[in-house]
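Only one structure is covered here, and it is reproduced in the block below.
Read the figures in this text as sums done on the coordinates, not as results from a lab. None of these values were measured; they are calculated from a predicted model. A quick note on method: Cβ atoms are made from the backbone with ideal geometry, for glycine too, and the neighbour counts reach across all protein chains shown.
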2 protein chains.
Amino acid sequence: MASKESKRSTAKGKKEVKKETGLGLTHKKDENFGEWYSEVVVNAEMIEYYDISGCYILRPWAMSIWEIMQKFFDAEIKKMNIKNCYFPLFVTPAALQKEKDHVEGFAPEVAWVTKSGDSDLEVPIAIRPTSETVMYPFFSKWIRGHRDLPLKLNQWCNVVRWEFSNPTPFIRSREFLWQEGHTAFATKEEADAEVLDILELYRRIYEEYLAIPITKGKKSEHEKFAGGLYTTTVEAFIPQSGRGIQGATSHCLGQNFAKMSEIYFENEKGERAMVWQNSWAYTTRTIGVMVMVHGDDKGLVLPPKVASLQVIVIPVPYKDADTQGIIDACLATVEKLTKSGIRVEADIRDNYSPGWKYSNWEMKGVPLRIEIGPKDLANKQVRVVRRDNGAKIDIPMDSVVEQVEDMLRAIQQNLFDIAKQKRDACVQVAKTWDEFVKALNEKKLILAPWCDEEEVEKDVKARTKGDMGAAKTLCCPFDQPELPEGTLCFASGKPAKVWSYWGRSY
Amino acid sequence: MASKESKRSTAKGKKEVKKETGLGLTHKKDENFGEWYSEVVVNAEMIEYYDISGCYILRPWAMSIWEIMQKFFDAEIKKMNIKNCYFPLFVTPAALQKEKDHVEGFAPEVAWVTKSGDSDLEVPIAIRPTSETVMYPFFSKWIRGHRDLPLKLNQWCNVVRWEFSNPTPFIRSREFLWQEGHTAFATKEEADAEVLDILELYRRIYEEYLAIPITKGKKSEHEKFAGGLYTTTVEAFIPQSGRGIQGATSHCLGQNFAKMSEIYFENEKGERAMVWQNSWAYTTRTIGVMVMVHGDDKGLVLPPKVASLQVIVIPVPYKDADTQGIIDACLATVEKLTKSGIRVEADIRDNYSPGWKYSNWEMKGVPLRIEIGPKDLANKQVRVVRRDNGAKIDIPMDSVVEQVEDMLRAIQQNLFDIAKQKRDACVQVAKTWDEFVKALNEKKLILAPWCDEEEVEKDVKARTKGDMGAAKTLCCPFDQPELPEGTLCFASGKPAKVWSYWGRSY
């Protein structure tokens, strides 16, 4: 899509003046990233801050993105014959504490209900931080023989983790929305295969819907899910903060939870066997990553595939011009695009100037703006402006559907390409401790040869502790560069076993 | 749809023997309704009891019904330009206590979080029993001028009401799923109109989807939503227990909450005005009402429109018969029906007899069963059996799609018609106290002329107190019979103002 610049009538000059009085952000993305983020999620009307710290209101502009991703993912897992269910919000202390490593991982963040009305409960009741310990006693009940397997459940729900570290909208909140899948298989092979099938769906959410490049990989022993066997992840990276961010995780739980909850079955040979389990989840965090990756100093930038509004049509009336004719042309354009399945609205409010509207819809990140003024009407054309790169192009009204469709596809691809370029530019190979520390200070996404020992990871954490937070492993990418024999671990000097991504993280 | 009975080959005789060893219910609907209900929701795999009283697991067989209703309702409210959002689960005591009548209505049932990990919270935090007090402070922030109105939000979420009265799956549980709509308008007229538009959607859920007849009406002052102006309702009735059940409610809140949360706006004349508000909700209770109304001594009976599985195809192999041919015919039938949008599966498990499968799918309430045996194969026909009335019919394989579609429609209609006949047969007009008490003892749905005074309703409650629970108003039906002048209230002897439905209720 060529960025065809063309001169604009006097109407434009006037608009730009109004724009100055508009709705800008007070912080710039490259100068003060944290403040910029907090401002953009509020000004774009995605988030409202709430009077309980770490809890946020998801406004319709954010919720619609969640719903679009949900529709995709829910349809995909239904094809895999995974069924939705709903387990209670509440957990008894006995159930919660069944798996020791697991409860240690979550205990400090668990919220406890101790009263109802004015009465104390006999036993305090926990609010689910995740549902392994809620569900698995029932897996034990429902699974008897090999014909009851696989058992594949999912639920869409809220969970609560009462964290005290710096809360951030979408990224780190005390309550969040997610899906959690919980499955049980007769064999490890089936469980292993599903872990990757689900991880591929998470990749598609990030790359195909949110236009965010991710790295698929495995978490270190130290970073894996508490109580599980191994954890796979899709990892994203935020260049401005120089931090990795765990996008979504698909865990193989092995047989550890099965042992605790006694999930046995009679296999085909009539023997008693234990199931293999997975759990996997993605959360509303996805939306925060999208804001961080694509947003700019004008506000939010929405990838067309997740934008509840893909095109905004704005009349640009001018004195003595045929205002009604312009509005009619806007409405006709909306009708034409709607019929082709494009999500489009006209902003025909008469109490805001076109310039104010431009800023408003730029703040909200709508991928394409269509302007129709007197000259456009006369020339039977519309002016289309891209949110991602500001490119303007005049297109004949006759071909508006095809060209808008093309442009939405181009924007989706461009957002991904730009994000990938920026992410790739941050990758830095570090083979020695000095190189590692230098790259960390430069906010790089560090790829380093590693001995893969938990003690060494703990040591790196201890040695890099500071105001910005310690460095840790992000993941061992599935796609491993060559590791020549004799390569040493950057941190321990022992023989390296894998390449691993390291960095600070959210 | 004729209930064409036809003789069955010896294969059938064999099946019926096996059936005896099957999966029956130990309680009968007409003999021990409460026990029957608890058994059917568990045996049909809708519900699993949980280790916290009043909390239940919604298994996929129940969840799929919820999802079908959700898809319908969500699409309808989106047409009305109502937007989905998500507000936090938690409420501060200050917000909760803002509206006095409202908090009095909910306070005894509120669950309180007082600890996180091992630490006490500074201030206890409530779990939402409903979200008026969570949302409306933000309505005040977001609404400035008349152009911000109407504001129309909805959320799909869980709420908690820690009730101590008899918990019942779906019907009365401490946590349940619902949608809650919250809207604000410039004028009472707009609010009034929306109340009824939403109530009509609730009617459609019950009558068109769940095949349950309801009565639209208004709640008495005593029974209306705490803090609201008036409450409209769709009321159902359960003949076996002789109890009314509130199906879903659409409230006009008037300006009471607006006053407490200071939701003002500048109207078109530039004056300061206060908004008019509504809230409305339906819950997973809908599913329980469906079980109660349609279920029978063989188990659940699902209306086709909400059945995640509308047709089950079962091979009926017989020794020396072409088993593979039969299974292929089953699979071909599934393929044909699936292509026409019918939700269908084949049960080709080889470790269960056909008879066992019949009982199993009858227990689960699947509307139609298709049997294919050697004789069917030879005659190029299938045997179709209706779950609602047991009618059997042989239909040519060639016309299976059209006939199955017809039968599903017929079942949906028949379930509604039968339910309506049974409900109507319970209606009893009572003009005097004696008639009222007699009808109440006979578990009738009582229609009585009433003075519409709150004190009289309280008095009726007091006078009818007992093991079964007191009688109360269910609703004043919108469709009022003629009330001749001089008609007296059945309870107070004062002049009657309205006809009202009375009875015991859930």
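Quick notes on this structure:
- The stretch B:275-352 - charge dipole about Cα centre, Lys and Arg +1 at Cβ, Asp and Glu -1, debye rounded to 20: 440 debye
- The overall shape of the stretch A:279-348 is oblate: from the C-alpha gyration tensor, with semi-axes ordered a ≥ b ≥ c, the ratio a/c is 1.5 or greater and a/b is no larger than b/c.
- A Förster distance of 25 Å, applied to the separation of the beta-carbon atoms of B:Ala425 and B:Lys461, puts the FRET efficiency at 0.45.
- Charge-dipole axis of the protein assembly as shown as Lys and Arg at +1 and Asp and Glu at -1 on Cβ define it, positive-most pick from A:Ala44, A:Ile418, A:Asn32: A:Ile418
- Under the simplified labelling scheme, the B:Asn379-A:Lys79 pair shows an inter-label distance of 4.1 nm, with each label point 7 Å from Cα along Cα→Cβ.
- Sites matching GluC sites (Glu not before Pro) across the stretch B:86-187 that sit in DSSP coil, with at most 16 neighbouring C-beta atoms within 10 Å: B:Glu163
- Unpaired cysteine residues in chain A (no second Cys Cβ under 4.7 Å): A:Cys55, A:Cys85, A:Cys157, A:Cys252, A:Cys330, A:Cys426, A:Cys475, A:Cys476.
- Cross-link pairs beyond the 26 Å C-alpha cut-off, checked among B:Lys71/B:Lys339; A:Lys218/A:Lys305; B:Lys71/B:Lys219; A:Lys83/A:Lys259: A:Lys218/A:Lys305; B:Lys71/B:Lys219
- Those chymotrypsin sites (Phe, Trp or Tyr not before Pro) in the stretch B:140-234 that DSSP places in a loop and that have at most 13 other beta carbons within 10 Å: B:Phe164
- Listed pairs A:Lys336/A:Lys392; B:Lys422/B:Lys472; B:Lys79/B:Lys115; A:Lys438/A:Lys458 exceeding 31 Å between Cα atoms: B:Lys79/B:Lys115
- For A:Lys380, neighbours were defined as the other residues whose beta-carbon sits under 11 Å from its Cβ, and their charges (Lys and Arg +1, Asp and Glu -1) total -2.
- Across the stretch B:225-360 the C-alpha pair distances fall into 5 Å bins from zero in the proportions 2, 8, 11, 11, 10, 9, 8, 8, 7, 6, 6, 4, 4, 3, 2, 1, 0, 0 percent.
- Cα→Cβ-extended label distance, 7 Å offset, between A:Leu488 and B:Lys141, nm: 5.6 nm
- Rg ratio for chain A: its Cα radius of gyration over 2.2 N^0.38 Å, N being its residue count, equals 1.11.
- The ranking of B:Val366, B:Val498 from fewest to most other beta carbons within 10 Å of each one's beta carbon is B:Val498, B:Val366.
- Calculated on the Cα set of the stretch A:427-504, radius of gyration then Dmax: 11.4, 37 Å.
- Low-density loop positions, chymotrypsin sites (Phe, Trp or Tyr not before Pro), the stretch B:354-396 - DSSP coil, at most 13 other Cβ in 10 Å: none
- Distances in nm from B:Asp30 to the matching label points in the other copies, shortest first (labels 7 Å along Cα to Cβ): 8.2
- Each residue, A:Lys100 and B:Ala193, gets one label point 7 Å from its Cα in the Cβ direction; the gap between the two is 6.7 nm.
- Likely footprinting exposure, A:Arg172, A:Arg409, B:Arg369, fewest C-beta neighbours within 10 Å first: A:Arg409, A:Arg172, B:Arg369
- Calculated mean residue ellipticity at 222 nm for chain A: -10500 deg cm²/dmol, from DSSP H runs with n ≥ 4 weighted as -39500 (n - 2.57), summed, divided by the residue count and rounded to 500.
- Three-way shape call for the stretch B:33-294 based on the alpha-carbon gyration tensor, with the a/c threshold at 1.5: oblate
- Positive-end extreme of charge dipole, the protein assembly as shown - chosen from A:Thr487, A:Trp156, A:Val306 (charges on Cβ): A:Val306
- Folded to 0 to 90 degrees: helix B:323-339 orientation relative to chain B principal axis, Cα: 30 degrees
- The stretch B:311-408 - Kirkwood radius from inverse mean 1/r over Cα pairs (Å): 13.3 Å
- Take B:Phe164, move 7 Å from Cα toward the beta carbon, and the resulting point lies 3.4 nm from the same point in each other copy, nearest first.
- Cα-based helix-to-principal-axis angle, B:454-463 vs chain B, degrees rounded to 10: 50 degrees
- Working value for the stretch B:347-487: equivalent-ellipsoid semi-axes of 51, 19, 11 Å, each the square root of 5 times a Cα gyration tensor eigenvalue, largest first.
- Relative contact order for the stretch A:311-408, counting Cα pairs under 8 Å that sit 6 or more residues apart, in percent: 31 percent
- Rg(Cα) / (2.2 N^0.38 Å) computed for the protein assembly as shown, rounded to two decimals: 1.03
- For a modelled paramagnetic label at A:Phe478, 7 Å from Cα along Cα-to-Cβ, the residues of the stretch A:420-440 in reach, with backbone nitrogen under 20 Å, are A:420, A:424.
- Tensor-based shape of the stretch A:203-270 (alpha-carbon gyration tensor, a/c under 1.5 rounded, otherwise prolate or oblate): prolate
- Relative contact order [Cα under 8 Å, 6+ residues apart], the stretch A:427-504, whole percent: 40 percent
- Only Lys, Arg, Asp and Glu carry charge here, each on its Cβ (+1 for the first two, -1 for the last two); on that basis the stretch A:427-504 has a dipole of about 340 debye about its Cα centre.
- Principal-axis tilt of helix A:400-426 within chain A, Cα atoms, nearest 10 degrees: 50 degrees
- With contacts taken as Cα pairs under 8 Å and at least 6 residues apart, chain A reaches a relative contact order of 16 percent.
- Potential lengthening of the chain between A:Asn351 and A:Asp394 amounts to 12.9 nm, from the contour at 0.36 nm per residue minus the alpha-carbon distance.
- Formal net charge of residues neighbouring A:Val40 (Cβ-Cβ distance under 15 Å; K, R +1; D, E -1): -3
- Projected onto planes of every orientation and averaged, the convex hull of the alpha-carbon atoms in the stretch A:389-447 covers 5.0 nm².
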